[in-house]
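Student: Input: one structure, supplied below.
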Amino acid sequence: MALLSRTPRAPLEYSRTLWMRLWVGAVMVFLYAPLIVLMIFSFNDSKRNVVWRGFTMKYYDKALNNDVLVEALVNSLTIAALATVVSLILGAISAVMLWRFRFPLKGAVDGTISLPIIVPEICMGVAFLMFFAKVQWPTDLIWPLNLSAITIAHITFCFPFVTMVVRSRLASFNREQEEAAKDLGAGEWQMFRDVLIPHMKPALIAGALLSFTLSLDDFVITYFTSGPDTVTFPVKVYSMLRFSVTPEVNAASTILIILTIVLTAIALKLQGVKAIAETH
Amino acid sequence: MAEQDWKTNKRVFAAVSLPTLLWTILFFAIPMAIVWVYSFGQNAGLNEIDISGTLDNYKRATEWLYLGIFGKSFAVAALVTLICLIVGFPVAMAITFASEKWRPWLLLGIMLPFWTNLLVRTYALMIILGQQGYANKGLEALWGGASWIKTLIGLQPLPTWEPAQLLFNNFAVVFGLVYVHLPFMVLPLYAALDRLDRSLVEASLDLGAGHFRTIMRIVVPLAAPGIVAGVMITLIPALGAYLTPDLMGGTDSQMIANVIERQFKKANDWPFGAALSFILIYAMFILIALQSMRRKVPELH
């Protein structure tokens, strides 16, 4: 590789050394090869993921005509959308609370809000299972109310991430802007809407993306929270994997991977690759 | 303008604090408290749990069987973290020192799998590692090559290839957890390396230290907080992993989360499951306390 580079390599350009490139290349292959193989085999005209037997779209047809699978996907997207909206609101206001105010027990409140980030998923799942059993949360409601338990659980583990992202963004806010807005006669609400929210916007976009993917991704907590009749996409794929591996799973997984890529592309378009990379 | 006292603007404070506080208490603190209380109970009848204040569940958790599973979970999580650190560190270095044009795309390359559904990724890995997956085919080709070379130099060829069992064992669990958690390690490492003062690295190189020595003596100590953060971010979810050992592990690869799950589904012993959950949470707290203690040490000097 060094032979091909036009300018000589500076000492700190580690990424231009051959072994570094090989290492990064190998890691990328490790990360992406399984996903690419899965996507290719979703078009394979065979019952098993072993030998290539020609191109087909029939498993997409089957997956899209599988009512339970489609319902699970719609449920997952609905939950993710609801959880994202509420998480954004809760995350934004809790970040403002922690950033702007001094109040008794602030340390404890701060700690408790960020606890869901570190408590293991399995423990959160168990807690929601016991909680919803204890309060006898109704499970036989009509759609979309039957998703309420799962949505509540998702909001609880998503919004602390939004709080975290928004709070680090608020740290760079110049408080003189706030005073200027007040001097010019803005009320609290007007200042929040016209000064703070525009400043928080990049963090809000990042937080929305984070909540949406966290919610769409979650299996363990949903597995414990979902009633017998509410299936989300990961829970459905899990049971398909456990009991019958069919190429439909490949097709469904490919759809989800493409959805992730589309979401990422939208985020890129909104923010540019640098900003997205820096929010993590 | 510093932080405002909450009393000076009670209305705004109430507006921003009450929804969050109510939500956290109602849907986080109370559910956790229920688990905690149940961990001191015992099964009384089929659907009834008697909160008797007993410590039997915790006593049972210290039986050798469960201690062994806790120990094994720690060992697996530690091994996974170590492998992620070794694999991820050069990647983070490469991203840090990549050109302006390439850096965001490399970062995106690490983050995209992180955003992809965990279940989908686990399934994709299972296809590769299966009896007739590509990992086995690759090994078979290597085996065939080795056999061919042996006959070429006049030795007995190797025996015929038997597909290796790459799935449903402890190897698969570690491999799968590394696959899933690698981005967790690379991102904080990158964040720490990016803040590094490059002139120090240059100085070390100018003064005659080799690249390896510079990395070990200059880069690693300076990036220590990021390394610790990466280790924690990888270790904690790996310790509580449920899906990977469940789908990719064999009968002997159960981790603590699988045992907890069984108490709530098949074994139907909620109080014991609650006790195990809280032991896992306490373990997390201890890890985090250790980390924050570490962070305070340099400040004393």
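Student: Do you know which of the residues in the stretch A:230-253 that are within 14 Å of A:VAL70 (Cα to Cα) and part of a loop (DSSP other than H, G, I, E, B) is nearest to the other protein chains (Cβ to nearest Cβ)?
Tutor: Among those that are within 14 Å of A:VAL70 (Cα to Cα) and part of a loop (DSSP other than H, G, I, E, B), it is A:THR232.
Student: So, one more: Can you tell me how many residues in the stretch B:210-258 are away from chain A (no Cβ under 13 Å), assigned to a loop (DSSP other than H, G, I, E, B) and surrounded by fewer than 17 Cβ atoms within 10 Å (Cβ to Cβ)?
Tutor: So the answer is 3.
Student: Only helices (runs of 4 or more DSSP H) wholly contained in the stretch B:38-156 count here; list those with 2 or more residues that are among the hydroxyl-bearing types (Ser, Thr, Tyr) and more than 14 Å from chain A (Cβ to nearest Cβ).
Tutor: So the answer is B:64-96, B:134-152.
Student: Right, B:VAL219: at pLDDT 90 or above and under 29 Å from B:LEU290 (Cα atoms) or not?
Tutor: no
Student: Among the residues of the stretch B:259-275 satisfying the criterion of being at the interface with chain A (Cβ under 9 Å from one of its Cβ atoms) and under 21 Å from the mean Cα position of the chain (by Cα), which is farthest from A:VAL220 (Cα to Cα)?
Tutor: B:ILE260
Student: Here's a follow-up. Please determine, by comparing only the residues of the stretch B:157-173 that are touching a residue at least 60 places away in the same chain (Cβ under 8 Å) and away from every other protein chain (no Cβ under 14 Å), which one is surrounded by the most Cβ atoms within 10 Å (Cβ to Cβ).
Tutor: In this case the residue turns out to be B:VAL173.
Student: Please go through the stretch A:1-51 and give me each residue that is loosely packed, with under 12 Cβ neighbours inside 10 Å, modelled with pLDDT of 65 or more, hydrophobic (A, V, I, L, M, F, W, C) and in a loop (DSSP other than H, G, I, E, B), ordered by number.
Tutor: A:ALA10, A:VAL51
Student: Looking at the stretch A:250-272, which of its residues are at pLDDT 85 or above and among the aliphatic types (A, V, I, L, M)?
Tutor: A:ALA251, A:ALA252, A:ILE255, A:LEU256, A:ILE257, A:ILE258, A:LEU259, A:ILE261, A:VAL262, listed by residue number.
Student: State the number of residues belonging to the stretch B:258-280 that are under 15 Å from B:SER73 (Cα atoms), out of contact with any Pro (no Cβ under 6 Å at 6 or more places or on another chain) and without any contact (Cβ under 8 Å) to a residue 60 or more places away in the chain.
Tutor: Residues in the stretch B:258-280 being under 15 Å from B:SER73 (Cα atoms), out of contact with any Pro (no Cβ under 6 Å at 6 or more places or on another chain) and without any contact (Cβ under 8 Å) to a residue 60 or more places away in the chain: 2 in total.
Student: Anything in the stretch B:185-209 that is small (Gly, Ala, Ser), assigned to a helix (DSSP H, G or I) and without any contact (Cβ under 8 Å) to a residue 12 or more places away in the chain? List them, or say none.
Tutor: Matches in the stretch B:185-209: B:SER199, B:ALA203.
Student: Next question, about the same structure. In the stretch B:53-85, what count of residues is obtained for those that are surrounded by 14 or more Cβ atoms within 10 Å (Cβ to Cβ) and more than 14 Å from B:ALA241 (Cα to Cα)?
Tutor: Count: 11.
Student: Report yes if B:ALA14 is over 21 Å from A:ILE122 (Cα atoms), exposed (fewer than 15 other Cβ atoms within 10 Å of the Cβ) and more than 13 Å from chain A (Cβ to nearest Cβ), otherwise no.
Tutor: no
Student: Related question: Taking the stretch A:15-56, which residues are touching a residue at least 40 places away in the same chain (Cβ under 8 Å), within 30 Å of B:TYR190 (Cα to Cα) and at the interface with chain B (Cβ under 8 Å from one of its Cβ atoms)?
Tutor: A:LEU35, A:LEU38
Student: Among (1) in contact (Cβ under 8 Å) with a residue 24 or more places away in the chain; (2) of a type outside the set (S, T, N, Q); (3) surrounded by fewer than 20 Cβ atoms within 10 Å (Cβ to Cβ), which single condition is A:LEU69 missing?
Tutor: (3)
Student: If you don't mind, there's one more thing I want to ask. Among the residues of the stretch A:89-124, how many are more than 7 Å from every other protein chain (Cβ to nearest Cβ), of a type in the set (A, V, I, L, M), closer than 19 Å to A:ALA153 by Cα and crowded, with 22+ Cβ neighbours inside 10 Å?
Tutor: Residues that pass the stated criteria total 2.
Student: For B:ALA141, state whether it is closer than 30 Å to A:VAL249 by Cβ, among the aliphatic types (A, V, I, L, M) and exposed (fewer than 13 other Cβ atoms within 10 Å of the Cβ).
Tutor: yes
Student: Here is a further query. Tell me which residues, restricted to the stretch A:214-270, are basic (Lys, Arg) and more than 30 Å from A:TRP137 (Cα to Cα).
Tutor: A:LYS269
Student: While we're here: Which count do you get for residues in the stretch B:186-209 that are away from chain A (no Cβ under 11 Å) and crowded, with 18+ Cβ neighbours inside 10 Å?
Tutor: 2
The values are calculated or read from the model by the stated rules, or taken from the named source; none is laboratory data. All figures in this text were calculated on a predicted structure; none of them were measured in a lab. Neighbour counts are summed over all protein chains in view; Cβ atoms, including those assigned to glycine, are modelled from backbone coordinates with ideal geometry.
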